[in-house]
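The values are calculated or read from the model by the stated rules, or taken from the named source; none is laboratory data. From a predicted model like this one, the values you see are computed outputs, not experimental measurements. Positions of Cβ are backbone-derived with ideal geometry, glycine not excepted, and every protein chain shown enters the neighbour counts.
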Amino acid sequence: MLYSAVFDCCFATDAFEDYKGYVGGIISQLREQYPNASILAFNFREGQTQSQIANALTEYDMTIMEYPRQYEGCPLLPIEVIHHFLRSSESWLSLGLQNLLLMHSERGGWPVLAFMLAALLIYRKNYSGELKTLDMVYKQGPSELLHLLTPLNPVPSQLRYLQYVSRRNVATEWPPLDKALTMDCVIIRMIPNFDGDGGCRPIFRIYGQDPLQNSDRAPKILFSTPKKSKIVRHYKQAECELVKIDINCRIQGDVVLECISLHGDTEREEMMFRVMFNTAFIRSNILMLNRDDIDILWNAKDLFPKDFRAEVLFSEMDTAPSVVLADRPCFEEKDDLPQEAFSKVQEMFSSVDWLVPKGDATVEVLQNLALSNTVIDTHSHDEKSQVN
């Protein structure tokens, strides 16, 4: 039990063989314990086909809302979707004492479910302290599960977004409006050792919403350093302590920045670090990152000097019309990239102005769903069934 109204339930490995029966058993137990309860289910999944839990719950009188389980490879969701989830959950639980909230993730979705549950606990002020809350939620599952599900440690970026949620308590408007920025450059202080000889050959990729295409909010690749460009250089710790790499990329909203080290053949890549952030929360046009603020491979921390710093510098984006040259440097075309399936949530709330913090549209949608102040968190992993 996470607190008096939050419960944790885990799937055993063999539960997937009779998934429908296993889920049905959980629902039956809930019905017995809370005979007058109404249940709203949140599911975190991949793709757009009908989910397992939707199939399993077809015979039950339940509403299921589905969210993606990642954003451009990060086990996080855009701030607007997080806001929508938090307000929907809060509204549902506040409608009556017999409303239940069921949180479920498909295989591989535990990291984003854990983050969203931590965000809800902070949002409702059941817990304080981002790291303490996130750590407490992750401890509801096996310690090795997070390592198995994601090659990079996602906690630094998740903590950054939990800090965004915490700011709701002091902000007059939350989330603040997106602002378009230009990412000017990245400054690296103290070169990491990714070549075995005290150096690296960094390139960058940036994913997010194109601020010049307001009608298309889907994330896409905005910037990619050409591997064979003259600007790609090999840097050594013995030769320099500071490197400034120009980017000049327009960004807005939720952004994923990847720093990759190229090997000598310029074909093999190794992820150095990843950062997800939202431009609305950038202060003084700079994002300061130390070794503990970046998502890195689980065994890569020693490759970064203790005094490592990365500084991402921004400037206000020039909104005047401009011509973007097709052969501009630091960009290369990529094959079509997978885009997250937000369609289910968008379809269900297409008539709801859920981006307006002061609106009551979410409450109106949830009024008909109806009634306990309990959150049940069910996540799928390869451990034996347990109820905390």
Worksheet item: Based on what the data block shows, is residue 127 modelled with pLDDT of 95 or more and either buried (at least 20 other Cβ atoms within 10 Å of the Cβ) or outside the structural domain of residue 299 (by TED's automatic domain parsing) (or both)?
Response: no
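For (1) within 24 Å of residue 79 (Cα to Cα); (2) under 26 Å from the mean Cα position of the chain (by Cα); (3) buried (at least 21 other Cβ atoms within 10 Å of the Cβ), each residue gets a yes or a no:
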| site | (1), (2), (3) |
| --- | --- |
| 230 | no, no, no |
| 233 | no, no, no |
| 251 | yes, yes, yes |
| 257 | yes, yes, yes |
| 261 | no, yes, yes |
| 266 | no, no, no |
| 271 | no, yes, no |
| 279 | yes, yes, yes |
Fill in: Residue check for residue 105: at pLDDT 90 or above, under 25 Å from residue 146 (Cβ atoms), in the same structural domain as residue 44 (by TED's automatic domain parsing) and of a type in the set (Ser, Thr, Tyr)
no
Worksheet entry | Every residue from region 245-293 that is over 23 Å from residue 191 (Cβ atoms) and not in a strand (DSSP E or B) | 253, 279, 280, 281, 282, 284, 285
Worksheet item: residue 162 versus (1) buried (at least 19 other Cβ atoms within 10 Å of the Cβ); (2) within 24 Å of residue 64 (Cβ to Cβ): which is the lone unmet condition?
Response: (2)
Discussion item. Among (1) surrounded by fewer than 23 Cβ atoms within 10 Å (Cβ to Cβ); (2) within 18 Å of residue 45 (Cβ to Cβ), there is one condition residue 104 misses while meeting the rest; what is its number?
Written reply: (1)
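Mind telling me which of the residues 107, 31 ends up being over 20 Å from the mean Cα position of the chain (by Cα) and basic (Lys, Arg)? Break it down into steps so the answer makes sense when it comes.
Working: 107 fails: over 20 Å from the mean Cα position of the chain (by Cα).
Exactly one residue qualifies, and that residue is 31.
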Fill in: Output for region 235-244, where each listed residue is in a strand (DSSP E or B) and loosely packed, with under 14 Cβ neighbours inside 10 Å
236, 242, 244
